[in-house]
Structures are given as C-alpha cells and as structure tokens.
Amino acid sequence: MTTDTITASASGTWTLGDLQVNRVGFGTMRLPQNGPALRADAVSGDRDRAIAVLRRAVELGVNHIDTAAFYFSPLRSANELINSAFGGSYPDDLVIATKVGPARDASGEWADHAGPGQLRGQVEENLRQLGRDHLDVVNLRVLPTQPHFAERFAALAELREAGLIRHLGVSNVTPEQLAQAQAIAPVVCVQNMYGIGVRPEYDDFVRSCGEQGIAFVPFYAIAAAGRETGAAGCAESEELRSVARAHGATPAQVRIAWTLRQGPHVLAIPGTGNPDHLAENVAAGALRLTEKDLALLDGLHRTAAP
C-alpha cells in the first residue's frame, strides 16, 4: 500500500481524558539503541537519526508518543531524544505518555520497582528529562504479583492532585487491579501486552475497557508471539502473510490494522528507528481489513499457543 501521503489522522481519534490523539501513535522503547531493547549491553543507536524519526512522526500526524525514563542505552535515553527533538517548542497537540514503577541503575541493570514513596522521584525525573512542568499521562506499570498496588497508585493520584500529572493510566494489570485504581482516581488508559496471537485471554478485558470509556494501548502489537525480546527468526504465519499480500501491505501493517479493529478505544504505539518503517506503521491506520480478513486473523489469534 502507498505510504507517502497517509497521515496518522487516517486511523481516527480517541480522547485520553481531555486530550485527543490519533489512534496510531509512536513508541520510543527501541529508539535509544540498535537491536533488543532494555538490556544493559544494548548498543546505542544513531542520535541524529532518532531525532529525525521523532520529528518525522509528528510531521505524519502522530500526536501520541509513549516513553519512559527507563528507556535508555549507555549513551542516550528516549526522554532526552524527545526533549532534543521538541524541547522548548512542543506541539500544542502532542500528548506524551510515560510510565513509572520499574527502575534501572546507571549501568542499565534492573533494580527493584519503586515503592509508593519513590514514585515522586520517578515522576520528577521524567519531568526533568522531558523539560516539562507536568506530564500528560503517567502509567503505573506493575508486576502481576507485586504487592501494594493500591498504595502505589494512590501516590500517583496525589501527584495528579498536585498538578504534576494530568491523567493516570495503568500497565500490565488485571481487571481487578484496574477496578482498584478506578476506586482511587480516574484511569484513562490500560497498557498491556496484546496482539494477534498474543494474550487472547485479554479479549474480554479489551472489550470491557471500551465499555468503560478507557483506552486500551497494547504493547508488542506488531510482534509475533515469542518476539517480545526482539529475537529474530520468528516467521509469520501463512494466514497473516496471505492477508498482507491481498492488500499489498506488510505483515506489521496487518497487525496494526487488526489491533485498531478491536475497538475505537484501542490505540497503537508501534516503535521503530527506521523512517521507512515509521511511514508504513502510520499508513497502517488507513488499511481496511475485510470481514473475511478479520475472520481469518481472529481464528489465528484464538488458536495461537499461549
């Protein structure tokens, strides 16, 4: 499919609280490095190219950028790249969503998740790195069995009341944890792993979020099952490749298009450091899958190995 003239507006819009975004956004996790992300031995990517990709994303209509202070390589961080690309002149409609909870030390090794008393420091670090006086959206990312979820979310709710955060979200959570969070403060988005063949058990959760007016923002939506760490060699199924061929599209574009068809509240945040792949990802918002395509892909999704 042609990508040159398609912008993110082709994907439609959703509102995060009072912030309207195009449904195809941009994820920055892989931007600071080449190869697999979030590893202590990551090889830093080209800074100028990363900044150019960020600026091109905005030129293509992307106004929802996902980031985190723990997205960094030995030489650069996603937040620093965003600040360098737009700092001092952030577009008025640009919504930057970050996340807190996980922590990495200066060497890149993972440390204990932040407790309630440490979350303010993480929020302030994001503010400093981005050069902002408030954060548009902050997601509390947790581990499934991590204790004190309500206390940690309440700590962020206090920072929202103080004006440091505009809207709150949650990441890697269960429906029960979402309900706990909602009892404390409004939640505008849920960010969980989801895609064709990835976590089909979340189907009901995705629909429930839509019924509650909450955005569902899947990560790894364009990665086949087993590719969460960036490992190579995971071939796409013939079913998915056949749909891609029928539309003159790439398998990644089909995955994004399928994701968007799961509901008007479902947003996509594919990330890349390649400007050509960026244009393809944005253009996927204009790909209209047929009912036959959806039936085929839904079957693939539901029969995927857990």
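Which angle between 0 and 90 degrees, to the nearest 10, do you get for helix 251-260 versus the longest principal axis of the chain when only C-alpha atoms count? Value to nearest ten degrees: 60.
For a paramagnetic label modelled on GLU201 (point 7 Å from Cα along Cα→Cβ), amide N atoms under 14 Å away belong, within the stretch 262-304, to 304.
With springs only between Cα atoms under 10 Å, which of SER11, SER73, SER89 fluctuates most in a Gaussian network model of the chain? Evaluated over the chain, the most mobile residue of the options is SER89.
Within the listed set GLY169, GLY88, GLY12, the residue fluctuating most in the Gaussian network model of the chain (springs between alpha-carbon atoms under 10 angstrom) is GLY88. Secondary structure note: in the chain, about 30% of the DSSP beta bridges are antiparallel. Each Cα pair under 8 Å and six or more residues apart adds its sequence gap; the mean of these over the residue count of the stretch 1-142 is a relative contact order of 22 percent.
For the chain, relative contact order (Cα pairs under 8 Å, six or more residues apart, normalised by length) works out to 21 percent.
Each Cα pair under 8 Å and six or more residues apart adds its sequence gap; the mean of these over the residue count of the stretch 138-207 is a relative contact order of 34 percent. The angle between the Cα long axis of helix 47-59 and the main principal axis of the chain comes to about 70°, on a 0 to 90 degree scale. Ratio of Rg to Rh for the stretch 16-303: 0.94 [Cα atoms; Kirkwood radius as inverse mean 1/r over pairs].
Pairwise Cα separations in the stretch 75-198 fall into 10 Å bins from 0 onward with the following percentages, short to long: 12, 43, 34, 11, 0. Taking a Cβ cut-off of under 13 Å around GLY210, the surrounding Lys, Arg, Asp and Glu residues balance to a net charge of 0, with basic ones at +1 and acidic ones at -1. Descending by average beta-carbon neighbour count within 10 Å, the peptides 91-103, 35-47 line up as 91-103, 35-47, the highest first.
With a Förster radius of 30 Å applied to the beta-carbon distance between ALA106 and ARG302, the computed FRET efficiency rounds to 0.10. Centroid-to-centroid, using Cα positions, the stretch 118-193 and the stretch 1-79 are 21 Å apart.
Here the stretch 83-204 is treated with +1 on each Lys and Arg Cβ and -1 on each Asp and Glu Cβ, and its dipole about the Cα centre works out to around 160 debye. Under the simplified labelling scheme, the GLN182-SER242 pair shows an inter-label distance of 3.9 nm, with each label point 7 Å from Cα along Cα→Cβ.
Values in this text are rule-based calculations from the coordinates and carry no lab data. These numbers come from a predicted model, not from an experiment. Cβ sites come from the backbone with ideal geometry, for glycine too, and all protein chains shown count toward neighbours.
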